[in-house]
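Enquirer: Have a look at this one before I ask anything.
The values are calculated or read from the model by the stated rules, or taken from the named source; none is laboratory data. Everything numeric here is computed off the predicted structure, so don't read it as measured data. Quick reminder, even Gly has a Cβ in these numbers, built from the backbone with ideal geometry, and neighbours come from all protein chains shown.
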Amino acid sequence: MTEQNDPPPTARRRFFGALGLAAVAAPAAAFEVDGGTGGLPPARESEAEKRKARYRETDHVRAYYRTNRY
């Protein structure tokens, strides 16, 4: 039998290494050094907004329930 000296698949390893680095760096890029969001105001709810009813059964919701028999 002949012995084959195949080079290791370094291109694949570099690709997956870069993919892992991108997965970590992408969320970190959304924030600035001080933890801010780049001038976007934070989404904060007032006490009245926290207590208000959020679910509304509108016409299209009723139609969905009717067609799916919920």
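Yes/no matrix, rows are residues, columns are (1) surrounded by 10 or more Cβ atoms within 10 Å (Cβ to Cβ); (2) modelled with pLDDT of 80 or more:
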residue: GLU3; (1), (2): no, no
residue: ASP6; (1), (2): no, no
residue: ALA23; (1), (2): no, yes
residue: VAL33; (1), (2): no, no
residue: THR37; (1), (2): yes, no
residue: LEU40; (1), (2): no, no
residue: ALA53; (1), (2): no, yes
residue: ARG56; (1), (2): no, yes
residue: THR67; (1), (2): no, yes
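Enquirer: GLY17 - would you say it is modelled with pLDDT under 80 and of a type outside the set (A, V, I, L, M, F, W, C)?
Expert: no
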